[in-house]
Structure formats: structure tokens, C-alpha cells
């Protein structure tokens, strides 16, 4: 992707930790969908055609997902405070949702404050990474889109380093369809950039969709 300011020549990196998670990160059913590796490989080949430079990148290691989870839980409880305190949260259909708000309200303030210190550490590490790359690309998830009847707590139980970092720092990101796995369900490719660089992820997505038609296709109806 040609860069507007020309200072990095539109470098683009591939983050593939979620396609091949390290052994110590593998847990639950979070495995690549059958046929998914080939789909992402083909998508990467298309991305390379648009990027002036394309290399592999490694995300900084740390408890970013756990920290992001605390932030989301605390701030979510605050946002829905009136719903929780009124007791109307009991009207939710999801059993865990009926009690989750109360659990999140009980998270110690010290834990939340520690996440803010961790955020500062991660911001510096990601700034160093984005000094060399305009956009990071990776599989949106290591699984296909979820079916309506799927239990999301089980089906989405896997490490998500890029998602955790993106949510923790508020990084601009976009996901685009990039093919179908063996189960005929769609897979996505995501582009992530540094803060305030929404135009770069939009440009990357536009360039990808200009060369593909996956965004016009639909999975077969059951």
C-alpha cells in the first residue's frame, strides 16, 4: 500500500501467530478450521501484490489479553450500571449475562489501575513495531464465522493476541472476507494499524477487495 507521507514506503507485515499459535498458547477448541490455512495463504499472496514491502512480524509478548479483559469488564459494568442496579439485567436470555455485570462490578480498582500501567508499556512496544510497518495483517480469527446455534463460550475459546492488543490500545482495524473453509463457512483477513491511521486499514482493505470478490459471495443456506 503506497504511503501518503512516503516515510516507510508502505511496509506491510504478516502476523500469523493465530494461524499457528505456540504450543503454550493452545487451549480449548481454538484450532484452525479445516482448509483455513490454504485460504489464508492465498489471501496473503493477494496482499503481497499490493504491498511495496511485506515481511513477517512478531507481536510483543505480555498479559495483554488478560489486561484488556479487565478493562472491558470494568468499563462495561460502568456503562450498564443503571441496567445492573435496577435488576433488569435478570431479563437477559444469556445465563452468564444475568450475573456477569455483578461480577464485573466486583473487580478490584487496583487491578484496573494496574492495567493502565500495562497499557503504557504496550503502547511503547507497539509504537516501536509500527515504526517499521504501516499495516499488520493476520487471520481475523483462527476459526470460521460462528453458526447461530453455536455456544460462543466454547466455540470462541482460544488465544487472540492481536484482538487483545487492538482492544487494549484502541487500534484501528478492519476485517474483510477472504474465502471459505472446508465447512463452507467464511474466514476473514484483518488489517490493523497504529492509532489515528484508519485511512491505512481502509486502503489495505480496498486494495484487497479490488482483487477479490469474496465480499460478494455468501455461504450456502442450510
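The values are calculated or read from the model by the stated rules, or taken from the named source; none is laboratory data. Just so we're clear, the structure is a prediction, and the values are computed from it rather than from any experiment. Please note: Cβ atoms are built from the backbone with ideal geometry, for glycine as well, and neighbour counts cover all protein chains shown.
Tell me the residue from 133, 102 that is in contact with a strand residue (DSSP E or B) (Cβ under 7 Å, 6 or more places away or on another chain) and either over 24 Å from residue 220 (Cβ atoms) or modelled with pLDDT under 90 (or both), please. Walk me through how you get there before you give the answer.
Numbers: 102 fails: in contact with a strand residue (DSSP E or B) (Cβ under 7 Å, 6 or more places away or on another chain).
Going through 133, 102 in turn, just one is in contact with a strand residue (DSSP E or B) (Cβ under 7 Å, 6 or more places away or on another chain) and either over 24 Å from residue 220 (Cβ atoms) or modelled with pLDDT under 90 (or both): 133.
So, restricting to helices (runs of 4 or more DSSP H) that lie completely within the stretch 92-162, which ones have at least 3 residues that are buried (at least 18 other Cβ atoms within 10 Å of the Cβ)?
On the way: elements: 95-105, 109-130, 152-155.
By residue number, 95-105, 109-130.
From the list 196, 169, 152, which one is assigned by TED's automatic domain parsing to the domain that holds residue 47 and without any contact (Cβ under 8 Å) to a residue 60 or more places away in the chain? Can you show your working first?
On the way: 169 fails: assigned by TED's automatic domain parsing to the domain that holds residue 47; 152 fails: assigned by TED's automatic domain parsing to the domain that holds residue 47.
Exactly one residue qualifies, and that residue is 196.
Return yes when residue 166 is in a helix (DSSP H, G or I), surrounded by 14 or more Cβ atoms within 10 Å (Cβ to Cβ) and touching a strand residue (DSSP E or B) at 6+ places or on another chain (Cβ under 7 Å) and no when it is not.
Answer is yes for this residue.
Could you tell me how many of the residues in the stretch 42-57 are over 24 Å from residue 125 (Cα atoms) and in contact (Cβ under 8 Å) with a residue 60 or more places away in the chain?
7
Can you tell me which residue in the stretch 70-96 is nearest to the chain's Cα centre (by Cα), limited to those that are closer than 19 Å to residue 167 by Cβ and without any contact (Cβ under 8 Å) to a residue 12 or more places away in the chain?
By that ranking, first place goes to 75.
I'm trying to understand the selection: among the residues of the stretch 204-219, which are closer than 21 Å to residue 185 by Cα and part of a helix (DSSP H, G or I)? Even if it seems obvious, please write down each step before you answer.
Filtering the stretch 204-219 for residues closer than 21 Å to residue 185 by Cα gives 205, 208-209, 211-219.
If the condition is that a residue be closer than 21 Å to residue 185 by Cα and part of a helix (DSSP H, G or I), then 205, 208, 209, 214, 215, 216 are the ones that fit.
What number of residues within the stretch 180-222 are touching a helix residue (DSSP H, G or I) at 6+ places or on another chain (Cβ under 6 Å) and modelled with pLDDT under 90?
1
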